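First up is the structure itself, then whatever we jot down about it.
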Amino acid sequence: MIKKIITLLVFFAVSSAYAQLGGESTYQFLNLMSSPRQAALGGKVLTNVDYDVTQALYNPATINVEMDNQLALNFSSYLGGINYGTAAYAYTYDRRTQTFHIGVTYINYGKFDGYDENGVSTGTFTGNEAALSLGYARQIGYSDFYMGGNLKVITSQLEQYNSLGVALDAGLLYIDDYLDFNAAIVVRNVGSQITTYAGIHEPLPFEVDFGMSQTLEHVPIRWHVTLENLQKWPLGRPNPARDEIDLEGNSTSEKVGFFNNLIRHAIIGAELFPEKGFNIRVGYNFRRAEELRILEQRNFSGLSFGIGLKLNKMRFSYTHARYSSAANTSFFGLQIDLQ
């Protein structure tokens with residue numbers, strides 16, 4: 001059974017990756033960070049199996065009974081005046097054996113001034129996108145493996161153009177209770193547009209991620225390692241701004257070597273006191289750090305840190321993520337236990 005599931009995930013990965021070679025994708029907001037906790041740990045965590053109901057937005061295999069009647073609301077003041085947020089809720093049915101999950105991801109690009117080809121003002125316009133997801137997970141027999149899926153309906157409105165799409169996320173999770181070690185692989189955004197913006201079908205932002213995490217035996221720290229975008233190689237592209245010009249005017253492009261491409265797939269993070277009422281979180285996204293770094297200047301791109309605080313039946317989270325000297329983001333979250 002497990003071999004069949006892995007084969008199916010690989011089939012989805014190969015098919016979708018082939019469809020996107022050499023092109024861009026639409027609905028990019030689907031791969032944004034889903035919560036302050038995710039953001040603090042580097043942006044993508046696949047293996048938290050606990051109360052965090054927003055975790056299932058990224059890996060549906062983590063849906064579990066601890067999420068029962070948990071409601072989460074998250075908001076981020078993103079780059080360039082863009083605002084986006086997520087909401088999630090889980091409910092356990094049938095004598096605490098089946099948990100269902102519902103989630104929403106929303107992004108608002110703000111207002112823009114419109115002009116025609118002659119420079120004449122056409123007024124202001126807006127842009128926004130949203131995705132509604134329904135998720136479910138279950139244990140595979142009596143093994144240590146769990147599988148889950150999210151079905152997503154996606155809507156997008158950009159000025160006068162509209163699009164509707166559907167997508168599926170599939171996750172496979174392994175839990176070793178003895179070592180307190182988790183590992184997961186997730187295939188995200190397998191789907192298609194139903195209606196297009198202007199009659200041209202565009203691929204969805206398909207992604208394959210693998211993650212691991214473990215709580216240390218004698219130290220209250222849980223480490224996380226995530227390998228993102230495994231369906232794509234290479235990730236790195238030469239940055240024209242880093243071209244070197246010699247005295248004779250000859251230009252040499254930046255070289256992105258094997259190791260540089262390899263490390264761009266990696267995200268690391270750590271959470272101090274993961275099971276307590278107060279948490280400290282830190283993460284580092286190598287791809288973000290490399291793509292946004294400024295030569296001969298230290299700006300700590302790729303670094304993120306945050307805290308979590310539990311008060312009675314509420315959990316508050318905050319994260320600050322570094323992008324560049326000119327742009328950083330803050331992420332706020334509230335989770336309420338409705339039981």
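Each value in this text was obtained by applying a stated rule to the coordinates, not by laboratory testing. Fair warning: this is a prediction, and the values are worked out from it, not measured in the lab. When we count neighbours, we look across all protein chains shown, and the Cβ atoms used for this are built from the backbone with ideal geometry, even at glycine.
Report, in degrees rounded to the nearest 10, the 0 to 90 angle that the Cα long axis of helix 2-20 makes with the longest principal axis of the chain. Value to nearest ten degrees: 10. Mean projection of the Cα convex hull over all viewing directions, computed for the range 65-173: 9.2 nm².
Along the charge dipole of the chain, Cβ charges K/R +1 and D/E -1, which of Ala39, Tyr323, Gln214 sits furthest on the positive end? So the residue furthest toward the plus end is Gln214.
Normalised by 2.2 N^0.38 Å, with N the number of residues, the alpha-carbon radius of gyration of the range 213-339 equals 1.38. With springs only between Cα atoms under 10 Å, which of Val45, Val208, Val219 fluctuates most in a Gaussian network model of the chain? Greatest mean-square fluctuation among the candidates belongs to Val219.
Sorting the segments 120-132, 267-279 by their mean number of nearby beta carbons within 10 angstrom, highest to lowest, gives 267-279, 120-132. Taking every DSSP bridge with both residues inside the chain, close to 100 percent are antiparallel. Taking Rg and Dmax of the Cα atoms in Å as calculated from this structure, the corresponding entry among (1) 20.9, 77; (2) 22.2, 72; (3) 19.5, 58 is (1). Dividing the summed -39500 (n - 2.57) terms of all DSSP H runs of n ≥ 4 by the residue count of the chain sets its mean residue ellipticity at 222 nm at -3000 deg cm²/dmol. Please identify every one of the GluC sites (Glu not before Pro) in the range 283-339 that sits in a loop by DSSP and has no more than 15 other beta carbons within 10 Å of its own beta carbon. Taking the range 283-339 and a limit of 15 other Cβ atoms within 10 Å, the loop GluC sites (Glu not before Pro) found are Glu296. Here the ratio of the Cα radius of gyration of the range 127-188 to 2.2 N^0.38 Å is 1.57.
Counting pairs of alpha carbon atoms under 8 Å apart in space and at least six apart in sequence, what relative contact order in percent does the chain give? The value is 18 percent.
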